[in-house]
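Here is the structure we will look at, set down as structure tokens.
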Protein chains: 2
Amino acid sequence: MADTQPVQNPPAEQPTEEGGDAKGPSKSELKKRAKEAEKAKKAAEKAARQAELEAQKAAAEVDFATEYYGKLPLNKSQTRPRRPRVQIASLTPDMDGTQVFLRARVQTSRAQGSKMVFFNLRQRIDSIQALLTVSPEKVSKQMAKWAAGLAMESIVLVEGTVKKTPEPIKSATVGDVEIHISQIHLESGLETILPFSVEDATRPDTEIETTEDVQFKRVLLDTRLNNRIVDLRTTTNQAVFKLQHAIGGLFREYLEGKSFTEIHSPKLQGAATESGASVFKVSYFKGNAFLAQSPQLAKQMAIAADFERVYEIGPVFRAEDSNTHRHMTEFIGLDLEMAIDEHYHEVLELLDGLFLHMFRSLKQTFAKEIETVRRQFPADEFKWREGPEGTLKLSFAEAVDMLVEDGVPREDLDDINTENEKRLGRLVRAKYDTDYFIVDKFPMALRPFYTMPDPSDPTLSNSYDFFMRGEEILSGAQRVHDPALLAEQMRAKGVDPATMGPYLDAFKLGCPPHGGGGIGLERVLMLFLKLNNIRRASLFPRDPKRLEP
Amino acid sequence: MADTQPVQNPPAEQPTEEGGDAKGPSKSELKKRAKEAEKAKKAAEKAARQAELEAQKAAAEVDFATEYYGKLPLNKSQTRPRRPRVQIASLTPDMDGTQVFLRARVQTSRAQGSKMVFFNLRQRIDSIQALLTVSPEKVSKQMAKWAAGLAMESIVLVEGTVKKTPEPIKSATVGDVEIHISQIHLESGLETILPFSVEDATRPDTEIETTEDVQFKRVLLDTRLNNRIVDLRTTTNQAVFKLQHAIGGLFREYLEGKSFTEIHSPKLQGAATESGASVFKVSYFKGNAFLAQSPQLAKQMAIAADFERVYEIGPVFRAEDSNTHRHMTEFIGLDLEMAIDEHYHEVLELLDGLFLHMFRSLKQTFAKEIETVRRQFPADEFKWREGPEGTLKLSFAEAVDMLVEDGVPREDLDDINTENEKRLGRLVRAKYDTDYFIVDKFPMALRPFYTMPDPSDPTLSNSYDFFMRGEEILSGAQRVHDPALLAEQMRAKGVDPATMGPYLDAFKLGCPPHGGGGIGLERVLMLFLKLNNIRRASLFPRDPKRLEP
């Protein structure tokens, strides 16, 4: 019991660029590191001598508190005392004097002399101050010393008493109470050097920029992703992934209310469908398979199989060597497809209703999480139009006109590229005061073969994109349900209908008119919160250069 | 308008074995087909001559009903009249006399003379009889003739009047009313030969066996899967996949109520983790990636990252060349992982609560769907124990004893193989009257390296399997959260800790004790309904020999 652990200092941050190559450190960097290592070594030696001396001194004193602290044996489910535990967030001033028991991470600790240790204890997005004070027959000096030596990020079991604080503690999310510790045990310690502190990883970039006199460490994205486990522990990331969960849940909730059936379509495909270029090839026993780049074909086949309305939440794979802030090789598609009665605007309106449901619910139900993320990623509140005029819908032609009016040469606007999309987003925000809008009636030339052409102008199509903060988050359309027209459009787009047998067959067996769309979950999350990089919206992101952790 | 289509007869069933090779047809089969083709050709010629004659005759009569029937132009969203439509299931006798408008499939049609046509119209799991009768100024002879020629599985828009039936119509699910058709238009026809009729595909095998005098076609599994779009339209399959949706939904609902967070972990992995043998390799730009064979490592890493309780619903991939009734190369994993306070039985009990919630809700809320499946797949009702004694829990040792008592040599029971699992299921059913039970405390030798050993007997482990009808549907355990023990167990199981870097690191950074389990969605569905083959529980199943449709 009672083995000590030195407080581990995070190593200096490597100054690599965000999203840049993960090259080796520079020479000067290596030199700097060697110097730091030497310094750390000396400090450790000094600390060891000091510790030895103090240990000798401590051995002379009898420790009455050995049962109240120390490292616990590995939990192999030896016993089950069923002792109740509390959540930090549930502690309130009216519990003043109550004894509680809880598990938490040591986010920070600070010894004040040899008789007092302050802790910031953390549970997910909540934190509280806890205090250990040497006192006769309760807390021994040895106990305080051991506790002061607990490494950051250690998991401890704490018994203590809830106390009202005279004034709010700003460094904790629960600031009106603190815990006076009577027992503290280590359940899981650290057996490696912490790559950065969770406190540093939670600091907003703006704060670092405005406080040049303080030695704040900036933790860059690549370093975070290389050490994702620690990075995910920040209150920011705990909130980000609670919001990711919420968006998926709201998608589902809305569609369940509209009689959709959830389906699971296979990711392993016999042929490289849709467009062969960006498909991953898999060794499949003695042959090959391909990873689905969307559930497009499967969900349309489900419509031909009378499922009427389907949705799917699942991974989609894109073998595109794009190293941008908004591309990943694997992401989560929120896909839906539905039979339409008369007009594809039935789908467009349902999708609009879906997004409004998401935005409203996020704002109403997840204000705490949004506020938590805002502290690290300050952003204007996401805006959308409520009221009778409804969501802004522009035709592609109207969007082009707005850009031309703003000075973009019309000849550059056969397609609206990423840069012009963002420009359009700014123009729309300025003119219509919304971060969310729809562009309808894309040119047929820009859409895949399964897109239904416009009934009166065959150069246009019954297709649409949805935008958030000037970036596309949904692409959708009415689909072609007639096999002859479908084969014709395949040939026109350079796809051989012979390679699409089972898909084409589905429409030869009779299929209702239908439409749908695909939403990128991480994009919605990134843009709603303005996280600026899609990797921040993915638990363990994958891009052409990253397959771990 | 009003172009006629001949009724298409399904071709004769190919006598391939279930799950057998999809080899080419035999010589005798080819001969048989040629003969049939010749016969079909002659019949078509005769029909064409007949049609021509009748067309000449019809041309002589004026058709007053041309607006009331015929093929509709392709829906490209030309108009949006917003005409209300009804669902078959909503039609009741008190609507007698009401005019309705609906879309449905023609499941079957039968002309009675030249003046009357009976239809069985289908919407998903509901069907109704509809009737077209020649009458002056309303339904012309030409209209009746055209309607009688509609191919099975055509999608039609029907306007008609609801009429109470004098006695229940047994061939329809809505039998107390029928529709008297005033208008019928073809929205989507068939442009290929129907491989089998939906009616044949819905018939239970038992019925085929007991009615040898009638020419019922048995539709074998391979034929169904080759033509999955038509097969999925059976009322049985519509119900099966509504139940698949329900099981996923109930899993989620239960865990949401227990503060779990849904996560999405990457399927693309940098290394062949867990056990390299059954992992698919993917070409990843200039290198390789591997498909995750479970979210095991990711969900444990999420626990190390303080997510506390996580679940995931997503595809898992197994490169096992197993061609059995219960193996697929891709299936849906319902996975969860949670921090435990004291004992792994916290997880086991939560999982038990989850299954009881599923079973109870399925029985209560989805009785109609279960009954629909039972008509084709008769089975004993699924049984589980309610009441104070709770779910049956056996230790592995107790399970072995039961088998030994039943005559299985003890030396064969180091592991319980598939055959003995089923035997155990029968013994448990006979003794305890339950199809659902838990086996706890598996030998360490049978479990993966990340399994926590038993605290007092290191040859045993804190692990469990859950069973339904004598087949394993969940495997789970307390996991090792101590990096030293984890590395030791990796080495003992022949896994090089160096290949598991990011995973091991997660535990070096401090991790609470935790446990979890993985459920095969399709297995639960198959066993609850007793579908006898896992492929029936998957929308588009994948096995070593099947990558399409």
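Per-structure values
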item	result
Residues of type lysines that B:Lys39 reaches as a straight line, Cα spacing below 23 Å, ignoring anything fewer than 8 places off in the same chain	B:Lys27, B:Lys31, B:Lys217
Residues in the range A:451-484 occluded by at least 40 Å² - accessible area, probe radius 1.4 Å, against chain by itself	A:Pro455, A:His481
Average accessible surface area per residue within chain A, 1.4 Å rolling probe, Å²	43 Å²
Magnitude of the charge dipole, chain B, Cβ model with Lys/Arg +1 and Asp/Glu -1, debye to 20	2880 debye
FRET efficiency, 1/(1 + (r/R0)^6) with R0 51 Å, evaluated for A:Lys258 and A:Thr459 via beta carbons	0.95
Linear extension gain, B:Glu191 paired with B:Ala44, 0.36 nm per residue minus alpha-carbon span	51.3 nm
Per-residue average of Cβ from other chains inside 10 Å of A:282-289	6
Nearest-10 value in Å² for the accessible area of A:Asp306, using the 1.4 Å probe	20 Å²
For B:Thr108, distant residues with modelled amide H under 5 Å away	B:Asn120
Amide H contacts under 5 Å for A:Ser395, placed H, 5+ residues apart	A:Asp440
About the Cα centre, charge dipole magnitude for the range B:313-372 (Lys/Arg +1, Asp/Glu -1 at Cβ), debye	440 debye
Karplus-derived 3J(HN,Hα), 6.51/-1.76/1.60, for each residue of the range B:242-259, Hz, glycine and proline x	5, 6, 4, 4, 5, 5, x, x, 6, 3, 5, 4, 5, 6, 4, x, 10, 6
Euclidean distance of C-alpha centroids, the range A:418-471 and the range A:105-173, integer Å	55 Å
Of all chain B residues, the one whose C-beta is nearest the axis that brings B onto A, in angstrom	B:Val282, 2
Computed label-point distance, nm, for sites B:Thr161 and A:Glu137 using a 7 Å Cα→Cβ extension	9.7 nm
Potential lengthening between A:Glu52 and A:Ala492 on full extension [0.36 nm per residue; Cα-Cα distance subtracted]	150.3 nm
Residues whose placed amide H lies under 5 Å from that of B:Lys267, excluding near-sequence neighbours	none
Position B:Ala47, label points 7 Å along Cα→Cβ, spacing to each other copy in nm (shortest first, one decimal)	8.8
Residue list for the range A:319-343, given a label point 7 angstrom along the Cα-to-Cβ vector of A:Asn532 and an amide N cut-off under 17 Å	A:324-327
The range B:257-314 versus the range B:333-371: alpha-carbon centroid distance in Å	22 Å
Approximate spin-label separation A:Met402-A:Phe377, in nm, with each point projected 7 Å along Cα-to-Cβ	2.3 nm
Average beta carbon contacts from partner chains per residue of B:338-344, 10 Å cutoff	5
Three semi-axes of the equivalent ellipsoid, chain A, Cα gyration tensor, whole Å, largest first	55, 25, 24
Sum of -39500 (n - 2.57) over DSSP H runs of 4+, divided by residues of chain A (222 nm, nearest 500)	-10000 deg cm²/dmol
Cα gyration tensor, the range B:237-375 - rounded (a/c under 1.5), prolate or oblate	oblate
Buried area at the A-B interface (accessible, heavy atoms, 1.4 Å probe, summed, Å²)	9600 Å²
Chain A, accessible surface, carbon-and-sulfur percent (1.4 angstrom probe)	51 percent
Label point at A:Arg385 placed 7 Å out along Cα→Cβ; residues across the range A:429-456 whose backbone nitrogen lies under 17 Å	A:429-441
Reduced Cα scattering model of the protein assembly as shown, Debye log10 I(q)/I(0), q = 0.05, 0.06, 0.08 Å⁻¹	-0.39, -0.55, -0.94
Taking chain B and dividing mean pair separation by its residue count, relative contact order in percent (alpha carbons under 8 Å, at least six apart)	13 percent
Label spacing, shortest first and in nm, from A:Pro73 to its equivalents in the remaining copies (7 angstrom along Cα→Cβ)	8.3
Other copies of B:Ala445: label-to-label distances in nm, shortest first, labels 7 Å along the beta-carbon direction	7.1
Of every Cα-Cα pair in the range B:484-527, the percent that sits beyond 12 Å	71 percent
Burial of 30 Å² or greater, the range A:48-89 residues [accessible area, probe 1.4 Å, versus chain by itself]	A:Leu74, A:Asn75, A:Lys76, A:Ser77, A:Arg80, A:Arg85
Reach of B:Lys258 by Cα under 27 Å, taken over lysines that are not fewer than 8 positions away in the same chain	A:Lys76, A:Lys242, A:Lys258, A:Lys363, A:Lys368, B:Lys242, B:Lys267, B:Lys299, B:Lys363, B:Lys383, B:Lys393, B:Lys441
A:Lys115 paired with B:Arg360, simple spin-label distance in nm, labels 7 Å along Cα-to-beta-carbon	5.7 nm
Where Cα atoms sit under 21 Å apart: lysine pairs in the range A:108-213 separated by 8 or more or lying on different chains	6
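The values are calculated or read from the model by the stated rules, or taken from the named source; none is laboratory data. Values in this document were obtained by computation on a predicted structure and should not be read as measured data. In this analysis, Cβ positions are derived from the backbone assuming ideal geometry, glycine residues included, and neighbour counts consider all displayed protein chains. Calculation scope for accessible area: heavy atoms of the full protein, side chains included, ligands and nucleic acids excluded. Shrake-Rupley method; radii C 1.70, N 1.55, O 1.52, S 1.80 Å.
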